[in-house]
1. Does residue 190 meet the test of being on the phi > 0 side of the Ramachandran plot, small (Gly, Ala, Ser) and in contact with a strand residue (DSSP E or B) (Cβ under 9 Å, 6 or more places away or on another chain)?
2. Have a look at 217, 161 and point out the one that is touching a Pro at 6+ places or on another chain (Cβ under 6 Å), of a type outside the set (Phe, Trp, Tyr) and in contact (Cβ under 8 Å) with a residue 24 or more places away in the chain.
3. Could you tell me whether any residue of region 48-58 is free of Cβ contacts under 8 Å to residues at least 60 places away in the same chain and charged (D, E, K, R)?
4. Only one of these is within 24 Å of residue 31 (Cβ to Cβ) and in contact with a helix residue (DSSP H, G or I) (Cβ under 9 Å, 6 or more places away or on another chain): 106, 102. Name it.
5. Given region 76-172, what helices (runs of 4 or more DSSP H) lie entirely inside it while holding 1 or more residues that are surrounded by fewer than 17 Cβ atoms within 10 Å (Cβ to Cβ)?
6. Considering only region 131-147, I want to know if a residue exists there that is farther than 26 Å from residue 8 by Cα, modelled with pLDDT of 95 or more and out of contact with any Leu (no Cβ under 7 Å at 6 or more places or on another chain).
7. Quick one: residue 220 ticks every box in (1) at pLDDT 95 or above; (2) assigned to a loop (DSSP other than H, G, I, E, B); (3) surrounded by fewer than 12 Cβ atoms within 10 Å (Cβ to Cβ) except a single one, so which number is it?
Amino acid sequence: MLTLEDLFPPYQLQIRCGDVEMRVLRDDDIPEIVELIRSGITDASLPMPFLADWHALPFQLGVVDQQPAHSLSWWWQQRATVAADNWKLPLIVRRGGVAVGMQDVMAEDFPQRRSIESGSWLASKWHGQGIGTRMRQMMVTLAFDELDALECRSGYIEGNAASAAVSRKTGYVDVGARRIVQRNGGELVGVIEHEVCVTPATFIRPTEPIEISGADALRRFFKIERF
């Protein structure tokens, strides 16, 4: 009998580093992630890190533009993007089997550009324990070692020292800055986003080994040819 892993090979992907594991989000994981969002995922002393304050929407079951329906729509859209030249992987992050956050991986025109972008969040109660750095290092290891990416790009809002530190500890370097628009508290706000990039030459790997399984199936699914 066919399994979901047969039908959707990204479900075969597993990345491990010590007691931290990442894999593609499944519907069964969503209630746990929703509870994490409700528990808080940002630091009030730092700038709002997202393009929109989706995490601050009121929690109202059965309402399409509130939590959790808003986030459900986003996760399902990511999973539905399966073209070889445009794909997204929402990765749930667990530590010791307990969900702690999300690490999103995105690529457009990957066969030609070999560039990957990412975004992430970590529940507030797990901040300051090195998990954010480790999950970024795990994602970059997947990109360079298994997908033959040439670079990984990300960004952080000016003043967000925690996000900047994660990038620095992973080997990202600043490559520019731009003014972007955030939707925050019902208003449009202009903020500075610093753009950062890591390459195989600058990448700082974790001290613990990283184990990746399911990458062969992922490459076949997205038609990624190795160099």
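The values are calculated or read from the model by the stated rules, or taken from the named source; none is laboratory data. Just so it is clear, the structure is predicted and the values come from calculations on it, not from any experiment. Because the Cβ atoms are built from the backbone with ideal geometry, glycine has one as well, and the counts that use them run over all protein chains shown.
1. No: the conditions fail for residue 190.
2. After ruling out the rest, the residue left standing is 217.
3. No, region 48-58 contains no residue that is free of Cβ contacts under 8 Å to residues at least 60 places away in the same chain and charged (D, E, K, R).
4. When all the criteria are applied, what remains is 102.
5. Fully inside region 76-172 and qualifying: 110-113, 161-170.
6. Checked region 131-147: at least one residue is farther than 26 Å from residue 8 by Cα, modelled with pLDDT of 95 or more and out of contact with any Leu (no Cβ under 7 Å at 6 or more places or on another chain).
7. With respect to (1) at pLDDT 95 or above; (2) assigned to a loop (DSSP other than H, G, I, E, B); (3) surrounded by fewer than 12 Cβ atoms within 10 Å (Cβ to Cβ), residue 220 is out only on (2).
Okay, residues lined up against (1) within 22 Å of residue 181 (Cα to Cα); (2) at pLDDT 95 or above:
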site: 51; (1), (2): yes, no
site: 61; (1), (2): no, no
site: 66; (1), (2): yes, no
site: 72; (1), (2): no, no
site: 75; (1), (2): no, no
site: 89; (1), (2): no, yes
site: 95; (1), (2): no, yes
site: 98; (1), (2): no, yes
site: 102; (1), (2): no, yes
